[in-house]
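The values are calculated or read from the model by the stated rules, or taken from the named source; none is laboratory data. Model, not experiment: these values are computed from the prediction. All Cβ positions, even for glycine, are placed from backbone atoms using ideal geometry, and neighbour counts span all protein chains on display. The area values use the complete protein model at the heavy-atom level, side chains included, leaving out ligands, DNA and RNA. Shrake-Rupley method; radii C 1.70, N 1.55, O 1.52, S 1.80 Å.
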Amino acid sequence: MKYLYLLGYPLGHSISPAMQNAALRACDIRATRYVKNPMPPEKMREMILALRAPHCIGANVTVPHKQTILSHLDELSELAREIGAVNTIIKRDGKLVGDNTDAYGFLQALRVRRINPAGARVSILGAGGAAAAAAYALAQADAGEIILLNRTLARSVELADRLNKKFPYLGLAINDWDALAQSQLIINATSVGMSPRVDESPAPKHFVFPKHAIVFDLVYNPPATKFLRDAKQNGARVIGGLEMLIYQGARSFELWTGQRAPIRVMRTAATAALNEIMQTSSHKG
Ligand code: ATR
(Lines give C-alpha, C1' and ligand atoms only; values in the text may rest on other atoms or scores of the structure.)
Protein backbone atom coordinates (compact mmCIF):
# COMPACT_ATOMS: atom_id res chain seq x y z
CA MET A 1 0.00 0.00 0.00
CA LYS A 2 1.22 3.53 -0.84
CA TYR A 3 0.22 6.61 1.12
CA LEU A 4 -0.52 10.26 0.50
CA TYR A 5 -0.44 12.26 3.72
CA LEU A 6 -2.32 15.28 4.88
CA LEU A 7 0.11 17.08 7.19
CA GLY A 8 -1.14 19.83 9.48
CA TYR A 9 -2.21 20.60 13.03
CA PRO A 10 -4.89 20.41 14.19
CA LEU A 11 -6.56 18.52 11.33
CA GLY A 12 -10.01 18.23 12.92
CA HIS A 13 -12.66 17.33 10.38
CA SER A 14 -10.76 17.78 7.13
CA ILE A 15 -12.77 16.68 4.09
CA SER A 16 -9.68 16.19 1.91
CA PRO A 17 -9.37 12.45 2.74
CA ALA A 18 -12.96 11.78 1.60
CA MET A 19 -12.41 13.83 -1.57
CA GLN A 20 -9.01 12.37 -2.51
CA ASN A 21 -9.91 8.75 -1.70
CA ALA A 22 -13.04 9.06 -3.86
CA ALA A 23 -10.83 10.34 -6.71
CA LEU A 24 -8.34 7.48 -6.25
CA ARG A 25 -11.19 4.94 -6.36
CA ALA A 26 -12.78 6.58 -9.41
CA CYS A 27 -9.45 6.34 -11.27
CA ASP A 28 -9.01 2.74 -10.14
CA ILE A 29 -5.84 3.52 -8.18
CA ARG A 30 -6.51 0.87 -5.56
CA ALA A 31 -3.15 0.56 -3.86
CA THR A 32 -2.97 4.16 -2.64
CA ARG A 33 -4.72 5.79 0.32
CA TYR A 34 -4.88 9.44 1.38
CA VAL A 35 -4.66 9.69 5.17
CA LYS A 36 -4.53 12.37 7.84
CA ASN A 37 -1.21 12.61 9.60
CA PRO A 38 -1.58 15.28 12.29
CA MET A 39 1.80 16.78 13.17
CA PRO A 40 2.33 19.73 15.50
CA PRO A 41 5.03 22.28 14.55
CA GLU A 42 7.62 20.83 16.95
CA LYS A 43 7.48 17.52 15.06
CA MET A 44 8.97 18.82 11.81
CA ARG A 45 11.73 16.17 11.93
CA GLU A 46 9.21 13.30 12.25
CA MET A 47 7.17 14.85 9.49
CA ILE A 48 10.11 14.85 7.08
CA LEU A 49 11.00 11.26 8.08
CA ALA A 50 7.41 10.19 7.39
CA LEU A 51 7.60 11.85 3.96
CA ARG A 52 10.89 10.11 3.17
CA ALA A 53 9.54 6.63 3.99
CA PRO A 54 9.27 4.54 0.77
CA HIS A 55 5.53 3.93 1.14
CA CYS A 56 4.80 7.68 1.04
CA ILE A 57 4.37 9.05 -2.49
CA GLY A 58 3.31 12.59 -1.67
CA ALA A 59 1.38 14.88 0.64
CA ASN A 60 -0.76 17.91 1.18
CA VAL A 61 0.48 20.44 3.69
CA THR A 62 -1.82 22.73 5.62
CA VAL A 63 -1.87 25.09 8.61
CA PRO A 64 0.61 25.75 10.21
CA HIS A 65 3.34 24.19 8.03
CA LYS A 66 2.84 25.73 4.57
CA GLN A 67 5.72 28.16 4.98
CA THR A 68 7.96 26.49 7.58
CA ILE A 69 8.28 23.26 5.57
CA LEU A 70 9.94 25.00 2.59
CA SER A 71 13.49 24.79 3.86
CA HIS A 72 13.18 21.05 4.65
CA LEU A 73 12.35 19.96 1.09
CA ASP A 74 14.81 18.88 -1.63
CA GLU A 75 13.32 20.94 -4.46
CA LEU A 76 10.65 23.57 -5.00
CA SER A 77 8.63 24.39 -8.09
CA GLU A 78 9.13 27.92 -9.34
CA LEU A 79 5.60 28.78 -8.20
CA ALA A 80 6.11 27.47 -4.64
CA ARG A 81 9.38 29.42 -4.39
CA GLU A 82 7.78 32.61 -5.63
CA ILE A 83 4.73 32.31 -3.40
CA GLY A 84 6.86 31.20 -0.45
CA ALA A 85 4.39 28.47 0.52
CA VAL A 86 3.90 24.77 -0.23
CA ASN A 87 0.58 22.93 -0.02
CA THR A 88 1.56 19.90 -2.11
CA ILE A 89 4.58 17.61 -1.96
CA ILE A 90 5.40 15.17 -4.73
CA LYS A 91 7.98 12.40 -4.41
CA ARG A 92 10.14 12.37 -7.55
CA ASP A 93 13.07 9.93 -7.78
CA GLY A 94 13.07 9.79 -3.99
CA LYS A 95 13.23 13.58 -3.71
CA LEU A 96 10.66 15.72 -1.91
CA VAL A 97 9.44 18.35 -4.34
CA GLY A 98 7.27 21.18 -2.96
CA ASP A 99 4.61 22.76 -5.11
CA ASN A 100 1.64 25.08 -4.66
CA THR A 101 -1.85 24.39 -6.02
CA ASP A 102 -3.67 26.94 -3.81
CA ALA A 103 -3.09 29.77 -6.29
CA TYR A 104 -4.65 27.72 -9.10
CA GLY A 105 -7.55 26.62 -6.86
CA PHE A 106 -8.20 30.18 -5.81
CA LEU A 107 -8.33 31.54 -9.38
CA GLN A 108 -10.37 28.62 -10.61
CA ALA A 109 -12.99 29.27 -7.90
CA LEU A 110 -13.35 32.79 -9.33
CA ARG A 111 -13.28 31.60 -12.95
CA VAL A 112 -16.14 29.13 -12.54
CA ARG A 113 -18.22 32.07 -11.31
CA ARG A 114 -17.04 34.18 -14.26
CA ILE A 115 -15.37 36.69 -11.95
CA ASN A 116 -12.39 38.44 -13.50
CA PRO A 117 -10.25 40.30 -10.94
CA ALA A 118 -8.38 42.30 -13.61
CA GLY A 119 -8.24 45.97 -12.57
CA ALA A 120 -10.10 45.35 -9.30
CA ARG A 121 -9.22 46.83 -5.93
CA VAL A 122 -8.80 43.80 -3.67
CA SER A 123 -8.36 43.50 0.09
CA ILE A 124 -6.86 40.34 1.55
CA LEU A 125 -7.14 39.61 5.26
CA GLY A 126 -4.24 37.47 6.41
CA ALA A 127 -0.60 37.09 5.43
CA GLY A 128 0.08 33.35 5.81
CA GLY A 129 0.46 30.73 3.10
CA ALA A 130 -3.15 30.93 1.91
CA ALA A 131 -3.01 34.74 1.69
CA ALA A 132 0.28 34.56 -0.22
CA ALA A 133 -1.20 32.16 -2.78
CA ALA A 134 -4.32 34.31 -3.22
CA ALA A 135 -2.27 37.51 -3.56
CA TYR A 136 0.08 35.91 -6.08
CA ALA A 137 -2.85 34.58 -8.13
CA LEU A 138 -4.53 37.99 -8.10
CA ALA A 139 -1.35 39.78 -9.11
CA GLN A 140 -0.93 37.37 -11.99
CA ALA A 141 -4.56 37.96 -13.01
CA ASP A 142 -3.79 41.71 -13.18
CA ALA A 143 -5.67 42.92 -10.11
CA GLY A 144 -5.51 46.71 -10.00
CA GLU A 145 -4.54 47.14 -6.36
CA ILE A 146 -3.97 44.67 -3.54
CA ILE A 147 -4.36 45.72 0.08
CA LEU A 148 -2.81 43.33 2.60
CA LEU A 149 -4.42 43.41 6.05
CA ASN A 150 -2.99 41.32 8.84
CA ARG A 151 -2.86 41.22 12.63
CA THR A 152 0.94 40.86 12.53
CA LEU A 153 2.28 43.74 10.47
CA ALA A 154 5.70 42.15 9.87
CA ARG A 155 4.10 39.28 7.94
CA SER A 156 2.21 41.68 5.64
CA VAL A 157 5.46 43.56 5.00
CA GLU A 158 7.25 40.33 4.17
CA LEU A 159 4.48 39.28 1.76
CA ALA A 160 4.42 42.71 0.13
CA ASP A 161 8.20 42.54 -0.42
CA ARG A 162 7.88 39.14 -2.03
CA LEU A 163 5.07 40.32 -4.35
CA ASN A 164 6.96 43.48 -5.23
CA LYS A 165 9.93 41.50 -6.46
CA LYS A 166 7.85 39.49 -8.90
CA PHE A 167 5.26 42.16 -9.79
CA PRO A 168 7.10 45.50 -9.51
CA TYR A 169 4.21 47.51 -11.03
CA LEU A 170 1.52 46.10 -8.76
CA GLY A 171 -0.30 48.66 -6.60
CA LEU A 172 0.15 47.46 -3.02
CA ALA A 173 -0.90 48.80 0.36
CA ILE A 174 -0.36 47.38 3.84
CA ASN A 175 -2.76 47.48 6.78
CA ASP A 176 -4.85 50.29 5.26
CA TRP A 177 -8.06 49.24 7.02
CA ASP A 178 -9.98 52.23 5.63
CA ALA A 179 -9.54 50.78 2.13
CA LEU A 180 -11.58 47.73 3.08
CA ALA A 181 -14.88 49.55 2.57
CA GLN A 182 -13.74 50.72 -0.88
CA SER A 183 -12.78 47.30 -2.16
CA GLN A 184 -14.47 45.43 -4.96
CA LEU A 185 -13.19 42.07 -3.84
CA ILE A 186 -12.66 41.22 -0.14
CA ILE A 187 -10.95 37.98 0.80
CA ASN A 188 -10.59 36.24 4.14
CA ALA A 189 -7.36 34.24 4.06
CA THR A 190 -7.03 34.01 7.85
CA SER A 191 -8.23 31.01 9.84
CA VAL A 192 -10.65 33.17 11.83
CA GLY A 193 -14.22 31.85 11.72
CA MET A 194 -13.19 28.28 11.02
CA SER A 195 -15.07 25.56 12.93
CA PRO A 196 -15.40 25.35 15.93
CA ARG A 197 -14.97 29.14 16.36
CA VAL A 198 -17.88 29.86 14.06
CA ASP A 199 -18.96 33.11 15.71
CA GLU A 200 -15.72 34.96 14.99
CA SER A 201 -14.99 37.17 12.01
CA PRO A 202 -11.69 38.71 10.88
CA ALA A 203 -13.47 41.93 9.81
CA PRO A 204 -13.23 44.94 12.13
CA LYS A 205 -16.09 45.26 14.67
CA HIS A 206 -19.18 46.97 13.20
CA PHE A 207 -17.67 46.87 9.72
CA VAL A 208 -20.26 47.49 7.03
CA PHE A 209 -19.48 45.42 3.96
CA PRO A 210 -19.87 47.40 0.74
CA LYS A 211 -23.04 46.35 -1.01
CA HIS A 212 -21.42 45.89 -4.41
CA ALA A 213 -18.43 43.93 -3.22
CA ILE A 214 -17.68 40.28 -3.84
CA VAL A 215 -16.69 38.68 -0.55
CA PHE A 216 -14.70 35.43 -0.65
CA ASP A 217 -13.90 33.38 2.45
CA LEU A 218 -11.23 30.72 1.94
CA VAL A 219 -12.62 28.88 4.98
CA TYR A 220 -14.93 26.03 3.88
CA ASN A 221 -16.09 24.76 7.27
CA PRO A 222 -18.62 26.13 8.05
CA PRO A 223 -19.84 26.95 4.51
CA ALA A 224 -21.51 30.14 5.82
CA THR A 225 -18.92 31.77 8.08
CA LYS A 226 -19.78 34.82 10.19
CA PHE A 227 -17.70 36.86 7.73
CA LEU A 228 -19.92 35.70 4.84
CA ARG A 229 -23.15 35.94 6.84
CA ASP A 230 -22.41 39.59 7.68
CA ALA A 231 -21.41 40.35 4.09
CA LYS A 232 -24.56 38.76 2.72
CA GLN A 233 -26.71 40.68 5.15
CA ASN A 234 -25.29 43.90 3.69
CA GLY A 235 -26.13 42.75 0.17
CA ALA A 236 -22.68 41.63 -0.96
CA ARG A 237 -22.14 38.62 -3.21
CA VAL A 238 -20.49 35.83 -1.22
CA ILE A 239 -18.26 32.86 -2.08
CA GLY A 240 -17.29 30.08 0.35
CA GLY A 241 -14.03 28.14 0.35
CA LEU A 242 -15.31 24.75 -0.86
CA GLU A 243 -14.72 25.32 -4.57
CA MET A 244 -11.13 26.45 -3.96
CA LEU A 245 -10.53 23.34 -1.85
CA ILE A 246 -11.84 21.13 -4.64
CA TYR A 247 -9.72 22.74 -7.37
CA GLN A 248 -6.50 22.84 -5.37
CA GLY A 249 -7.12 19.18 -4.51
CA ALA A 250 -7.76 18.32 -8.15
CA ARG A 251 -4.47 19.89 -9.23
CA SER A 252 -2.62 18.08 -6.41
CA PHE A 253 -4.20 14.78 -7.50
CA GLU A 254 -2.95 15.34 -11.05
CA LEU A 255 0.56 16.08 -9.82
CA TRP A 256 0.68 12.88 -7.74
CA THR A 257 -0.96 10.48 -10.18
CA GLY A 258 -0.38 11.95 -13.63
CA GLN A 259 -4.07 11.31 -14.29
CA ARG A 260 -6.83 13.79 -14.98
CA ALA A 261 -8.71 14.61 -11.77
CA PRO A 262 -12.34 13.40 -11.68
CA ILE A 263 -13.69 16.81 -10.65
CA ARG A 264 -17.31 15.76 -10.41
CA VAL A 265 -16.51 12.81 -8.18
CA MET A 266 -14.35 15.03 -5.99
CA ARG A 267 -17.05 17.69 -5.68
CA THR A 268 -19.70 15.12 -4.76
CA ALA A 269 -17.47 13.48 -2.14
CA ALA A 270 -16.34 16.81 -0.66
CA THR A 271 -19.91 18.12 -0.45
CA ALA A 272 -21.18 14.91 1.14
CA ALA A 273 -18.35 14.89 3.71
CA LEU A 274 -18.98 18.53 4.58
CA ASN A 275 -22.74 17.94 4.94
CA GLU A 276 -22.06 15.02 7.24
CA ILE A 277 -19.80 17.14 9.45
CA MET A 278 -22.37 19.93 9.56
CA GLN A 279 -25.10 17.48 10.58
CA THR A 280 -22.97 15.89 13.29
CA SER A 281 -22.03 19.27 14.75
CA SER A 282 -25.65 20.51 14.71
CA HIS A 283 -26.72 17.38 16.60
CA LYS A 284 -24.13 18.14 19.21
CA GLY A 285 -25.80 21.50 19.60
P1 ATR B 1 -2.05 29.46 6.23
O2 ATR B 1 -0.71 29.00 5.79
O3 ATR B 1 -3.12 28.42 6.00
O4 ATR B 1 -2.43 30.78 5.68
P5 ATR B 1 -1.02 30.55 8.68
O6 ATR B 1 0.29 30.79 8.03
O7 ATR B 1 -1.05 29.97 10.06
O8 ATR B 1 -1.94 29.59 7.83
O9 ATR B 1 -1.81 31.94 8.65
C10 ATR B 1 -2.98 32.14 9.33
C11 ATR B 1 -3.43 33.58 9.14
O12 ATR B 1 -4.56 33.81 9.98
C13 ATR B 1 -2.39 34.61 9.55
O14 ATR B 1 -2.50 35.75 8.73
C15 ATR B 1 -2.80 34.93 10.99
O16 ATR B 1 -2.40 36.20 11.43
P17 ATR B 1 -0.95 36.43 12.09
O18 ATR B 1 0.02 36.52 10.96
O19 ATR B 1 -1.10 37.70 12.85
O20 ATR B 1 -0.71 35.23 12.98
C21 ATR B 1 -4.29 34.91 10.84
N22 ATR B 1 -4.96 34.70 12.14
C23 ATR B 1 -5.05 33.54 12.82
N24 ATR B 1 -5.75 33.73 13.96
C25 ATR B 1 -6.09 35.04 14.00
C26 ATR B 1 -6.84 35.87 14.90
N27 ATR B 1 -7.39 35.35 16.01
N28 ATR B 1 -7.01 37.16 14.59
C29 ATR B 1 -6.49 37.68 13.46
N30 ATR B 1 -5.77 36.97 12.57
C31 ATR B 1 -5.58 35.66 12.82
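Before moving on, here are some points about what is shown:
- Angle between the chain longest axis and helix 16-26 axis [Cα atoms, degrees, rounded to 10]: 50
- Across segment 104-240, the volume of the C-alpha convex hull divided among the residues equals 96 Å³ per residue.
- Mean ellipticity per residue at 222 nm, deg cm²/dmol - from DSSP H runs of n ≥ 4 across the chain, formula -39500 (n - 2.57): -11500 deg cm²/dmol
- Protein accessible area in segment 104-240, 1.4 Å probe - carbon and sulfur %: 49
- Check: segment 104-240 dipole with +1 on Lys, Arg Cβ and -1 on Asp, Glu Cβ, in debye: 320
- Gained length - Ala224 relative to His206, 0.36 nm times residue gap less alpha-carbon distance: 4.6 nm
- For segment 243-272 versus segment 117-192, the gap between their alpha-carbon centres in whole angstrom: 26
- Accessible area of Cys27 in the full protein assembly, 1.4 Å probe (Å², nearest 10): 30
- Projected label distance in nm at Gln259 and Thr68, using a 7 Å step from Cα toward the beta-carbon: 3.5
- Size estimate for segment 1-78 follows the Kirkwood approach: the inverse of mean 1/r over distinct Cα pairs works out to 13.2 Å.
- Heavy-atom accessible area, probed at 1.4 angstrom with all protein chains present, ranks Lys226, Lys211, Lys2 as Lys211, Lys2, Lys226, highest first.
- In segment 9-151, one over the average inverse separation of all distinct C-alpha pairs is 16.5 Å, which is the Kirkwood hydrodynamic radius.
- Of Lys43/Lys66; Lys2/Lys91; Lys66/Lys205; Lys66/Lys232; Lys36/Lys66, pairs whose Cα-Cα distance is over 19 Å: Lys66/Lys205; Lys66/Lys232
- Karplus (6.51, -1.76, 1.60) ³J(HN,Hα), θ = phi - 60°, over segment 152-169, in Hz, Gly and Pro reported as x: 9, 4, 4, 6, 5, 5, 4, 5, 4, 4, 4, 5, 4, 5, 7, 10, x, 9
- Accessible area of Arg155 in the full protein assembly, 1.4 Å probe (Å², nearest 10): 100
- Stokes-Einstein D (µm²/s) once Rh is taken as the Kirkwood radius of segment 169-285 over alpha-carbon pairs, at 10 °C in 1.306 mPa s: 100
- Remark: the chain carries 48 Å² of accessible area per residue (probe radius 1.4 Å; ligands, DNA and RNA excluded).
- Of the chymotrypsin sites (Phe, Trp or Tyr not before Pro) in segment 156-251, the ones in a loop by DSSP (not H, G, I, E or B) with at most 14 other beta carbons within 10 Å are Tyr169.
- Relative to its Kirkwood radius, the Cα radius of gyration of the chain gives an Rg/Rh of 0.96.
- Between the helical axis of 102-111 and the longest alpha-carbon principal axis of the chain there is an angle of about 60 degrees.
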